[in-house]
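**Student:** This is the structure, below, for whatever I ask next.
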Amino acid sequence: MRQIGVGLLGLGNVGSGVVRLLAENAEAIEDRLGAQLVVRAIAVRAPDKPRAVDVDPALVTTDAGAVIDRDDVDIVCELVGGETDARDYVLRAIDRGKHVVTANKALLAVHGEEVFTAAERRGVDVYYEAAVCAGVPIIRALREGLASDRIESVYGIVNGTSNFILTRMAEEGAPFDEVVRAAQEAGYAEADPSFDVDGIDAAHKLAILTMLCFGTSVALSDIYIEDIRSLSPVDFAFADRFGYVIKPLAIARAHDDGLELRVHPTMVPKSWLLASVPGANNALYVRSYALGPSMYYGAGAGMMPTAVAAVSDLIEVSRNVLANAAGHLPLRSYARMPNRPVRDIGRLDTPYYMRFGVLDRPGVLGQLTTVLGDHQISIAQVVQEGPREPERPVRVVVLTHAARESNVRHALAQVAKLASVVEPAQIIRIAQ
C-alpha cells in the first residue's frame with residue numbers, strides 16, 4: 001500500500017496529539033485514505049524533554065531543516081508556533097516542493113500572503129484547519145461548504161481562555177484577577193495570559209477568517225482590539241439584569257464601502273446562540289447571502305481537538321496527492337479578488353452599555369444626559385444605584401440606542417472633565 005511521509009516540526013502538546021492520533025487511528029485513516037500516513041522524522045528543540053507520547057528516539061532530531069529536506073517526506077506538519085522560525089521552515093518546505101499543514105495562526109495572520117503566494121507559485125498545498133478554533137471545522141466550511149455563497153458577517157468566540165474567564169466571572173461574580181488565577185491553575189491560561197486576554201490571539205484568527213470570508217488580506221493593525229481586563233463583576237450583574245451575556249467576540253462585517261473588523265468584549269442578547277457557549281468552547285455565527293445564518297461550535301483548543309484538525313488536514317492533502325490534484329486548488333477560498341478597505345472603528349454604529357461612577361449630587365444625571373444628547377447619543381434606559389452618602393460614588397448605568405463610536409468617544413472625553421465624575425467610564429458595545 002502506498003505511504004505518504006510526514007515530517008513533524010514540534011512535539012509539544014499538539015504535536016504529541018498528532019502522533020497519538022496517527023497511531024491510535026491508523027487503521028481507520030488507512031481505510032478512509034487508501035494509503036498509510038507515516039511519520040518519517042520529528043524535529044524538536046529539546047530531545048530529552050518529557051513528552052506526552054512515546055516515540056521512537058530514532059525519529060527525533062534537532063535539525064528541522066533535515067526533516068524538511070528528506071526525500072521520503074511528502075508533507076511537513078509545522079507545529080512549532082511563533083512567527084520567525086515557523087516562517088523560515090514553512091517557506092523552506094514550500095521551496096523544496098513539500099506540502100504544508102500548520103496550526104500556526106500567528107504565522108498566517110502576519111505572513112499568510114507570502115506563504116500562500118509561494119505555495120501557489122511552487123504548486124503545493126498549504127492547509128491550516130487547526131489554526132482557527134481547533135476542532136471546529138470552520139476553515140473547511142468557509143473554503144468548501146460556503147464557497148458558492150457570499151459571506152455577510154461573522155461573529156465568533158474564537159479564544160477559549162477569554163471565554164472561560166468571562167464565563168466564570170458571570171457565574172461566580174468573581175473579579176478578573178481571581179478568575180485568571182483559576183484559569184491558570186486549570187491549564188486554560190498561560191503564566192502570562194496577555195496574548196489571550198488582550199485580544200491578540202483572537203485578532204490573528206480574525207485576520208485568517210477575513211481572508212477566507214471576504215477575499216482580502218488585512219494587517220493586524222487594521223483590526224480594532226480591546227482587552228477584557230477592565231470588566232468588573234458589576235458589569236456582568238447589569239448585563240444579566242438587562243437580558244445580556246458578556247462574551248469575547250471577534251467580529252467581521254461587510255459594508256458597501258469596506259470591512260468592519262473588531263475584537264472586544266461584547267454584550268450579547270441571551271436569545272442568541274452565542275450567549276450559551278460556555279467555558280473554553282469556541283463558536284462562530286456566520287451569516288451569508290443565500291444560506292442565511294449558520295452556527296459552528298465545539299472545543300477550540302487542547303491537545304486532541306487541535307490534533308484532530310491537523311490530522312484531518314494531513315488526510316485531505318494526502319487525498320490531493322493521490323488524486324494528482326495537489327497544488328491546483330485555491331488556498332484562500334478564492335483565486336483572485338481585490339483587497340477591500342477596513343473601516344475605522346470611529347464609524348461603527350452600535351448600541352452601548354455605559355457605566356459611570358459619580359458623586360450623588362443634584363443635577364449630575366442631567367449633566368450626563370445633556371452631554372450624551374449633545375453628541376447625538378439617544379438613551380434607551382438609565383439606572384442609578386449605590387450608597388446615598390456624601391462623597392461616595394454611586395453608579396449610573398446607561399443603555400443607548402445605536403450611536404456612532406466617534407460620538408461616544410467625544411462624549412466620554414467631555415464627561416471625564418465633569419467634577420462630579422470620579423471614576424473612569426466603562427463602555428461595552430452591544431451586539432445587534
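**Student:** Only sites in a loop by DSSP and with at most 12 other Cβ atoms within 10 Å count here; which trypsin sites (Lys or Arg not before Pro) in the stretch 20-50 make the cut? Don't jump to the answer; show the numbers that get you there.
**Tutor:** Working: sites: R20, R32, R40, R45; in loops: R45.
Within the stretch 20-50, the qualifying trypsin sites (Lys or Arg not before Pro) (loop, at most 12 other Cβ atoms within 10 Å) are R45.
**Student:** While we're looking at this one, here's another question. Report the label-to-label distance for K417 and T61 in nanometres (one decimal), using points 7 Å from each Cα along the Cα→Cβ vector.
**Tutor:** 6.7
**Student:** Related question: Pop out the carbon and sulfur fraction of the accessible area of the stretch 1-49 as a percent, whole number, probe 1.4 Å. The partial results should precede the final answer.
**Tutor:** Numbers: 1000 of 2370 Å².
C and S atoms contribute 42 percent here.
**Student:** Starting from the Cα-Cα distance between S232 and T117, subtract it from 0.36 nm times their residue separation and give me the gain in nm to one decimal. Before the final figure, lay out each step's value.
**Tutor:** Numbers: separation 115, 0.36 × 115 = 41.40 nm, distance 4.47 nm.
Full extension from S232 to T117 adds 36.9 nm.
**Student:** Another one. Accessible area per residue of the chain at 1.4 Å probe, in Å²?
**Tutor:** Numbers: 18480 Å² over 432 residues.
Averaged over the residues of the chain, the accessible area is 43 Å².
**Student:** Size of the dipole of the stretch 1-74 about the Cα centre, Lys and Arg at +1 and Asp and Glu at -1 on the beta carbon, nothing else charged, in debye to 20? Please list the in-between numbers first.
**Tutor:** Details: 8 positive and 12 negative charges, 50 e Å.
Its charge dipole is roughly 240 debye.
**Student:** Sort 54-61, 418-425 by packing, meaning the average of other beta carbons within 10 Å per residue, with the highest value first. Don't jump to the answer; show the numbers that get you there.
**Tutor:** Numbers: 54-61: 12.6, 418-425: 15.1.
Output ranking for 54-61, 418-425: 418-425, 54-61.
**Student:** Of all the C-alpha pairs in the stretch 219-361, what % are more than 28 Å from each other?
**Tutor:** On the way: 4062 of 10153 pairs.
Pairs farther apart than 28 Å: 40 percent.
**Student:** Report the one residue of V382, G327, P362 whose Cα lies farthest in the direction of the positive end of the charge dipole of the stretch 307-432 (charges on C-beta: Lys and Arg +1, Asp and Glu -1; origin at the Cα centre).
**Tutor:** G327
**Student:** Are there GluC sites (Glu not before Pro) in the stretch 339-432 that DSSP puts in a loop and that have at most 15 other Cβ atoms within 10 Å, and which ones?
**Tutor:** Details: sites: E385, E391, E405; in loops: E391.
Answer in residue order: E391.
**Student:** Which whole-angstrom value gives the distance between the alpha carbon centres of the stretch 356-399 and the stretch 189-256?
**Tutor:** 28
**Student:** Hey, any idea what Rg/Rh is for the chain, computing Rh the Kirkwood way over Cα pairs? Please report the intermediate quantities before stating the final value.
**Tutor:** Values: Rg = 24.3 Å, Rh = 23.3 Å.
My calculation of the ratio gives 1.04.
**Student:** Tell me, what is the percent relative contact order of the chain, built from C-alpha pairs under 8 Å that lie six or more residues apart?
**Tutor:** Working: 900 pairs, mean separation 69.5, N = 432.
About 16 percent, as a whole number.
**Student:** If you roll a 1.4 angstrom probe over the protein chains with everything in place, what fraction of the accessible area of the stretch 291-359 belongs to carbon and sulfur, to the nearest %?
**Tutor:** Numbers: 1690 of 2990 Å².
About 57 percent, which is the carbon plus sulfur part of the accessible surface.
**Student:** Taking the Cα atoms only, what angle lies between the long axis of helix 160-172 and the longest principal axis of the chain, rounded to 10 degrees?
**Tutor:** 40
**Student:** Nothing charged except the Cβ atoms of Lys and Arg (+1) and of Asp and Glu (-1): what's the magnitude of the dipole of the chain about its Cα centre? Round to the nearest 20 debye.
**Tutor:** Working: 43 positive and 54 negative charges, 198 e Å.
Using only the charged Cβ atoms, the result is roughly 960 debye.
**Student:** Also: Sort 183-192, 393-402 for me by packing, meaning the mean count of neighbouring Cβ atoms within 10 Å per residue, highest on top.
**Tutor:** 393-402, 183-192
**Student:** When DSSP assigns beta bridges and you keep just the ones with both residues in the stretch 132-275, what percent turn out antiparallel, to the nearest 5? Please list the in-between numbers first.
**Tutor:** Numbers: 16 of 18 bridges.
Antiparallel: roughly 90 percent of the beta bridges in the stretch 132-275.
**Student:** Additional query: Return the lysines within reach of K105: Cα separation strictly under 29 angstrom, same-chain partners fewer than 8 residues apart disregarded; answer none if there are no such residues.
**Tutor:** K49, K205, K247
**Student:** Going by the alpha-carbon gyration tensor, a ≥ b ≥ c the square roots of its eigenvalues, is the stretch 102-165 rounded (a/c under 1.5) or, if a/c is not under 1.5, prolate (a/b greater than b/c) versus oblate? Present the calculation step by step, with values, prior to reporting the outcome.
**Tutor:** On the way: a/c = 2.20, a/b = 1.36, b/c = 1.62.
The shape class here is oblate.
**Student:** On alpha-carbon atoms, Rg over Rh for the stretch 1-65 using Kirkwood Rh?
**Tutor:** On the way: Rg = 12.2 Å, Rh = 12.4 Å.
A ratio of 0.99.
**Student:** State the antiparallel share, in %, of DSSP beta bridges confined to the chain, rounding to the nearest 5.
**Tutor:** Numbers: 51 of 75 bridges.
Antiparallel bridges make up about 70 percent of those DSSP assigns within the chain.
**Student:** A follow-up question, please. Using 7 Å Cα-to-Cβ label points, what is the A402/D85 separation (nm, one decimal)?
**Tutor:** So the two model labels end up 4.9 nm from each other.
**Student:** A follow-up question, please. Please go through the stretch 147-204 and write out the trypsin sites (Lys or Arg not before Pro) that DSSP classes as loop and that have at most 14 other C-beta atoms within 10 Å. Mind dumping the intermediate values first?
**Tutor:** Values: sites: R150, R168, R181; in loops: R150.
Passing both the DSSP loop test and the Cβ count: R150.
**Student:** Carbon and sulfur atoms: what percent of the 1.4 Å accessible area of the stretch 67-147 do they account for? Intermediate results must be reported in sequence, preceding the final value.
**Tutor:** Values: 1160 of 2790 Å².
After summing per-atom areas, the C and S share lands at 42 percent.
The values are calculated or read from the model by the stated rules, or taken from the named source; none is laboratory data. Note that the structure is predicted; figures quoted are calculated from it, not measured. Cβ: placed from backbone, ideal geometry, glycine included. Neighbour counts: every protein chain shown. These area figures cover heavy atoms from the full protein model, side chains too; ligands, DNA and RNA do not enter into them. Shrake-Rupley method; radii C 1.70, N 1.55, O 1.52, S 1.80 Å.
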